[in-house]
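This report refers to the structure that appears directly beneath it.
Here, each number is a calculation from the coordinates, and none is a lab measurement. Since we're looking at a predicted model, the values are computed, not measured.
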Amino acid sequence: MVPIWYWIVSAILLIWNMIGCGACYGQMAMSADRIATLPENQRDAWLAMPKAARIAYVVAVSAGLFGAIALLLRSLAAGPFFIASLVGLIVQFGWFFIVYKGMSRLGASSAAFPAFIALVAVGQIAFACCAKAQGWLG
């Protein structure tokens, strides 16, 4: 029997990933006028982001959403979706921090939220692995 906390955690992860998808859509759909209103360092980072990093962003949030849905459906696909999400996140943030050198351009505080996002991404994988080991997925 699946414990109630499994459903609660899965629902929280669904909401988290829906928020991520909404943020991604909001950023991808920004008009030139909206981009122009961003602080200069953020605008420069957004305009410098290559297509591969943008695609990785979409993969990260989409795969996370599908992984959360898979948890609620008790599907073994949750783990692979969460791994794909983490890979997308590594590519996206790898570009920002390593290639673009975002922390030196935007300051050390620019690493705080990405670090939290990465922690959640790893936690999602661990949760899916735990659920699989307990026989809650399948």
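Couplings 3J(HN,Hα) for the range 129-138, derived from phi with the Karplus relation 6.51 cos²θ - 1.76 cosθ + 1.60 (θ = phi - 60°), are 5, 4, 4, 5, 4, 7, x, 7, 10, x Hz, where x marks Gly and Pro. Subtracting the Cα-Cα distance of VAL2 and LEU72 from 0.36 nm times their residue separation leaves 24.1 nm of extension gain. Helical runs assigned H by DSSP (4 residues or longer) give the chain a calculated mean residue ellipticity at 222 nm of -25000 deg cm²/dmol, each run adding -39500 (n - 2.57) before division by the residue total.
Across the range 55-60, rounded Karplus estimates of 3J(HN,Hα) from the backbone phi angles (6.51 cos²θ - 1.76 cosθ + 1.60, θ = phi - 60°) give 5, 4, 4, 5, 4, 4 Hz, Gly and Pro being marked x.
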